[in-house]
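A quick write-up on the structure given underneath.
Please treat every number below as a calculation from the coordinates, not as lab data. This structure is a prediction, so every number in the text was calculated from the model and none was measured.
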């Protein structure tokens, strides 16, 4: 039998064909009126996609580059910052803070859980320059309560900036960026917007821009003030990823097209799609006898699944690829071999969920020896989808 490769990883995600075509045709020079018009259009679309009136900048880097820029541009050596972490990407904030000679204080939670809000309230102090956190912890498929953290910040330390890694959160999770007072929200191209890695985007509040004028950490390529100045003229400070910008424009057009040309409604439809598929996946895998790794705070971007004691999750990942050319993700760091992860973001629909669960029925029965009847996981997902479609 032939096998079609299917990506179920939480980044890179499946590519949108229209974006691939746009990238293939993007042979324009970046200092031309044609590119300036495209760049300005994409920046305006990103503001709608993020859901903010703030400036949104576009950088030629991965999401980690935008994370670094939100450290180097907002802080000075010796500044106290608060890091909220419950996984590998939360830990990245701590590493970045130390790299720029900050004094990070950390509120952590065990992998598979979200942090205790009372602990956040107790730890946060007015002298903290910034709070750094994830919206979705991709390594464990946990969703954190950004709104609740923003509320605590407003009550305890209203002058403290809030920076959120929304790299897998955007397009899968609801944000009120301006209403909650998120000062920086970061996204990445290889996630919900369905194009290859290589672009990061971030919204910046007026408070964040003001903080840059007094911060003393070094920056050059990631000097966001340069990017803001150039973006006003439809250019980037340095050579942009022209083809990726063209692909991003096509992807945002596609998202708008799913709601009759309304990008804001298209963003909501994209989030709803991820949330329904995540719920359907959780229902199907639970019926098969798997345990969810993050049952109390599950993300819509991806689902993390624990394998039985004594079993290596790599067995599941390898079997899915060998039998069905289906690419899932193993656990990261200390969770490698203990969990596997499947994504629901980007160019991904309900029938992709059905395909995944159909494959998992075979793996559960034939590879893991679980007492599975064909159709039971798919049926559980169908119930979730039918209810959502009715509502």
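Comparing 248, 202, 370 in a Gaussian network model of the chain (Cα springs below 10 Å), the most mobile by mean-square fluctuation is 370.
The angle between the Cα long axis of helix 63-72 and the longest principal axis of the Cα atoms of the chain comes to about 30 degrees, rounded to the nearest 10. Reducing region 308-362 and region 202-224 to their Cα centroids gives an inter-centroid distance of 39 Å. Using C-alpha pairs under 8 Å with a sequence gap of at least 6, the mean separation divided by the residue count of the chain gives a relative contact order of 23 percent. Counting only alpha carbon atoms, the long axis of helix 313-324 and the longest principal axis of the chain meet at about 70°. Region 3-54 and region 273-293 have Cα centres spaced 30 Å apart. Which angle from 0 to 90°, rounded to the nearest 10, does the C-alpha axis of helix 242-257 make with the longest principal axis of the chain? With rounding to tens, the tilt is 60 degrees. Over 25 Å apart: what share of the alpha carbon pairs of region 17-257 falls there, rounded to a whole percent? I get 39 percent for the Cα pairs in region 17-257 exceeding 25 Å.
Between region 169-200 and region 65-108, the C-alpha centres lie 19 angstrom from each other.
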